[in-house]
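Take a look at the structure set out below.
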Amino acid sequence: MIRESSVGSGESERTPSDITGEAPTPDTRQPTPASSDVPKESSRTILFQFVVFPLGIVAIAVLIFFLFGKLATDEQGIPDYLNAIRSGSSHERWQAAYQLSKSLKRGEAKRYPNLEHDVATLYANSKSDDPRIRRYLGMVLGQLGDRRATPVLLDGLNDHDIDNRIYALTALGELRDPAAIPRISKAVTDDDKDVRATAYYTLGAIGDPSAVPVLAAGLEEQTPDVRWNAAIALARLGDPRALGTLREVLDRSRLNSVTGMREDQKEDAMIVAMSAYAKLAGKGAASDLQRIASSDPSLRVRAAAKQALAQIGA
């Protein structure tokens with residue numbers, strides 16, 4: 001990591017995305033094409049093109065599939081991808097959805113004023129499609145940043161597919177529409193911990209004070225990485241109640257007690273938490289940061305602690 005984000009463990013691995021920069025084994029729920037079609041690309045590369053994805057979702061691993069044949073040529077543009085999503089073969093449709101997301105990254109969307117409407121319509125009609133189509137379209141709606149997409153993305157929170165719900169939440173975090181807060185607040189009670197973690201992240205990304213009661217309640221979450229997500233989101237809103245939980249994340253012994261959490265994930269968690277902690281506590285964070293800067297076993301973490309100390313003038 002990292003830009004500011006949330007934190008979490010790697011107890012499971014889900015398609016798509018692992019922000020730690022590693023491409024884990026694909027989820028068995030996700031259909032996988034032939035290996036020749038599947039160059040592995042980190043989830044950080046994919047989701048971070050659009051949003052700051054929570055570390056709590058390190059369980060999400062992505063396989064990025066590059067296009068072959070006509071869709072892979074430079075001549076293809078946004079209208080071609082939209083047409084392929086509407087009428088192509090199953091293989092072409094998800095590939096076109098992926099390429100559409102890449103086209104937006106190249107800044108081509110501004111030439112198509114009706115693109116949000118077209119993509120939102122495709123998203124609304126994709127419930128029975130290959131889940132990858134819906135996920136990539138959700139990413140596109142998030143990057144477009146048009147709040148007219150809020151209703152269809154909120155409907156995506158009703159999907160049975162867990163990853164679809166996570167992608168919809170992530171896109172809503174990009175839109176930052178306060179009107180979405182009531183429905184997102186319900187997602188913090190989802191049965192899946194990664195959905196809950198992403199919901200807390202999204203509330204923090206929206207940054208509206210009306211979410212504070214929900215985020216504060218999240219400090220009582222029993223699942224550590226979900227609780228940490230709530231704390232980081234609450235810290236973004238300047239609420240000092242997050243401080244105690246942020247200090248948990250700076251405690252190596254607590255991180256070591258989380259089942260399945262890799263060393264790189266622990267480092268990312270500490271780096272994210274230090275940034276939030278320093279901003280919220282100011283010079284009051286100095287002693288904890290100095291301890292980490294002088295004794296943590298990770299060079300990355302020590303460097304981040306020194307940077308945080310410099311930011312607070314300590």
**OP:** Output the residue which, of all residues in segment 117-172 that are without any contact (Cβ under 8 Å) to a residue 24 or more places away in the chain and surrounded by fewer than 19 Cβ atoms within 10 Å (Cβ to Cβ), is nearest to Lys186 (Cα to Cα).
**Re:** Asn158
Original post:
Does Gly156 meet the test of being modelled with pLDDT of 95 or more, in contact with a Phe, Trp or Tyr (Cβ under 7 Å, 6 or more places away or on another chain) and of a type outside the set (Ser, Thr, Tyr)?
Top reply: no
Original post:
How many of the residues in segment 220-247 are under 20 Å from Met261 (Cα atoms) and either touching a residue at least 12 places away in the same chain (Cβ under 8 Å) or buried (at least 16 other Cβ atoms within 10 Å of the Cβ) (or both)?
Top reply: 14
Original post:
Is segment 257-264 home to any residue that is among the polar types (S, T, N, Q), surrounded by fewer than 20 Cβ atoms within 10 Å (Cβ to Cβ), in a helix (DSSP H, G or I) and touching a helix residue (DSSP H, G or I) at 6+ places or on another chain (Cβ under 9 Å)?
Top reply: no
**OP:** Could you look through segment 169-217, keep only residues that are polar (S, T, N, Q) and within 17 Å of Ala149 (Cβ to Cβ), and pick out the one that is nearest to the chain's Cα centre (by Cα)?
**Re:** Thr170
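Have a look at Ala303, Ala308, Ala285, Ala281 and point out the one that is surrounded by fewer than 18 Cβ atoms within 10 Å (Cβ to Cβ), at pLDDT 95 or above and either under 23 Å from Gly173 (Cα atoms) or not basic (Lys, Arg) (or both). Walk me through how you get there before you give the answer.
Values: Ala308 fails: surrounded by fewer than 18 Cβ atoms within 10 Å (Cβ to Cβ); Ala285 fails: surrounded by fewer than 18 Cβ atoms within 10 Å (Cβ to Cβ); Ala281 fails: surrounded by fewer than 18 Cβ atoms within 10 Å (Cβ to Cβ).
That would be Ala303, the only listed residue that is surrounded by fewer than 18 Cβ atoms within 10 Å (Cβ to Cβ), at pLDDT 95 or above and either under 23 Å from Gly173 (Cα atoms) or not basic (Lys, Arg) (or both).
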Original post:
Of all the residues that make up segment 282-314, how many are touching a residue at least 40 places away in the same chain (Cβ under 8 Å) and aliphatic (A, V, I, L, M)?
Top reply: 1
Original post:
Out of (1) hydroxyl-bearing (Ser, Thr, Tyr); (2) touching a residue at least 40 places away in the same chain (Cβ under 8 Å); (3) assigned to a helix (DSSP H, G or I), what's the single condition that is false for Ser253?
Top reply: (2)
Original post:
How many residues are among the hydrophobic types (A, V, I, L, M, F, W, C) and touching a Lys or Arg at 6+ places or on another chain (Cβ under 7 Å) when one looks only at segment 293-314?
Top reply: 3
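The values are calculated or read from the model by the stated rules, or taken from the named source; none is laboratory data. For clarity, every value in this text was computed on a predicted model and none was experimentally measured. Cβ atoms come from the backbone with ideal geometry, glycine included; neighbour counts cover every protein chain shown.
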